[in-house]
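A quick write-up on the structure given underneath.
Please treat every number below as a calculation from the coordinates, not as lab data. Owing to the predicted nature of the structure, the values given are computational and were not obtained by experimental measurement. When we count neighbours, we look across all protein chains shown, and the Cβ atoms used for this are built from the backbone with ideal geometry, even at glycine.
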């Protein structure tokens, strides 16, 4: 099968990028021809506001480039991961113009929410859910704290809702969990087009020993990831267990300050993928204290691959993936005292921790391997190919391509 995989990389690497790399490698390992079309947000530097806004709504050059690629490589499936902000929804119309089926994996809630997180001021927010024009996102400056930037995203969303892009131009949407699928349906996406396929870890890194005697956090150092909750919980713990933080982001200074005051906290910054696996595999457990829903978490899957249990906020996909008491523990979102209590619970029972390690690895073997991901992906592609051959609607007349 000839497949095009398209992805707009963010300036700071994350789980989406890992997922794209894993799926492309898996597809190629099974003999498929994969053409990649990638843009990177680094190119935004030097781009004026009007030009960026225009490209976010409809990128003419991406439309033309994709049509040429699709035709040259005789692509059958165009699989999009992130189209925001540079690829734009014009990409779907490029595929349709070449009679290529469209699959869109939804790694966040961008089609429902300006910041893609359903989060505002550190709390879950669904004010824009189902609205034709997501005006609360503009009022509250939900994207990058900027009313102008938020207006651009809201305009893109409203424009393509009016055009019917989300309903007519995509054959299959891929949600990463069932809870994520339900939220997307609540936001107005067509239920009959949304299927569920979790991400995978590829290649399998193999189980670790868990004998490092520390906890670990992996991810972006930002408010929505619950860093304030995590650091406060470690103040409650008073040095009971060391904490290693892997990653970078806007809260790096706060993490540095916490590490300077508490010798049990160590910030390692951005480290290689191999180093992440090594550190996670030797950790007693992983902590993910996010305050937002999360559509998925590659950190959880990678921890399970290493046999490392996970302590998570009882919220969204995290709570759905981690089985409380079996593959990890849940704590009340935003509650550092409850997080500290769950950490002490793990530390108090080494036998239970060992049982959780075995269960975590078993969960990976049963749900998150490359083989299971590949089988699901093939089903999704077959589903997309089995649809009607003619696109219900041409390129929008308001756009000159």
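Here each label is just a point 7 Å from Cα along the line to Cβ, and for residue 182 and residue 29 those points are 3.3 nm apart.
May I ask you to derive the relative contact order of the chain, considering only C-alpha pairs under 8 Å and at least 6 residues apart, and to give it as an integer percent?
Working: 765 pairs, mean separation 64.3, N = 401.
Result for the chain is 16 percent.
Work out, step by step, the length gained on full extension between residue 192 and residue 362: first 0.36 nm times the residue separation, then minus their alpha carbon distance; give nm to one decimal. Can you show the working numbers first?
Values: separation 170, 0.36 × 170 = 61.20 nm, distance 3.14 nm.
Fully extending the segment from residue 192 to residue 362 adds 58.1 nm.
The mean sequence separation of alpha-carbon pairs under 8 Å and at least six residues apart, normalised by the residue count of the stretch 215-368, gives a relative contact order of 23 percent.
Any idea how far the Cα center of the stretch 161-181 sits from the one of the stretch 310-362, in Å? Here the answer is 32 Å between Cα centres. For the chain, set up a GNM with springs between Cα atoms under 10 Å and report which of 138, 300, 50 has the largest fluctuation. Result for the chain, Cα springs under 10 Å: 50 fluctuates most. The angle separating the long axis of helix 147-163 from the principal Cα axis of greatest extent in the chain is about 50 degrees. Shape class for the stretch 277-381: oblate, because the ratio a/c of the largest to smallest gyration tensor axis (alpha-carbon atoms, square roots of eigenvalues) is 1.5 or more and b/c is at least a/b. Between the helical axis of 15-29 and the longest alpha-carbon principal axis of the chain there is an angle of about 70 degrees.
Kindly express, to the nearest 10 degrees and within the range 0 to 90, the angle between helix 370-385's C-alpha long axis and the longest C-alpha principal axis of the chain. Orientation of helix 370-385: about 20 degrees from the principal axis.
Have a look at the DSSP beta bridges in the chain and tell me what percent are antiparallel, nearest 5. The partial results should precede the final answer.
On the way: 2 of 42 bridges.
Antiparallel bridges: around 5 percent, rounded to the nearest 5.
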